[in-house]
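To keep things clear, I will list the structure first and then write my remarks on it.
The values are calculated or read from the model by the stated rules, or taken from the named source; none is laboratory data. Since the model is a prediction, treat every value here as computed from it, not as a measurement. FYI the Cβ positions are ideal-geometry reconstructions off the backbone, even for glycines, and counts take in every protein chain you see. Heads up: the accessible areas ignore ligands, DNA and RNA and are worked out on the full protein's heavy atoms, side chains in. Shrake-Rupley method; radii C 1.70, N 1.55, O 1.52, S 1.80 Å.
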Amino acid sequence: MAPGDIEDPLIEEFAAHLRDHRRLSEHTIGSYSGDLHQLSGHSGGLRHLSLTALRTWLAELHAAGLARS
């Protein structure tokens, strides 16, 4: 998480699951968490995420030329 980001319990729980149960690397967990923080900021929080907000965010990433993976 970048400095100034607000912690989101959903993201922190997901990161703990990836670390403790899936045993993924810290780099992978950091990437997933970063993407989720970006999505959360775009949508006003993951608890309020709508399909429209998700599609809009993905379209913006695509328009910026970012890879899907």
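Numbers for the structure displayed
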quantity: Å² of accessible area per residue within the chain, as computed with a 1.4 Å probe and no ligands counted; calculated: 77
quantity: Sulfur and carbon atoms: percent of accessible area, the chain [1.4 Å]; calculated: 54
quantity: Rough spin-label spacing in nm, given labels placed 7 Å along Cα→Cβ, for Glu26 and Leu58; calculated: 3.2
quantity: Average Cα contact separation per residue, region 6-69, under 8 Å, 6 or more apart, as relative contact order %; calculated: 21
quantity: 0 to 90° range, to nearest 10: angle between helix 9-20 axis and the chain longest Cα axis; calculated: 50
quantity: Förster radius 25 Å - calculated FRET efficiency between Ala67 and Leu46, Cβ distance, rounded to 0.05; calculated: 0.65
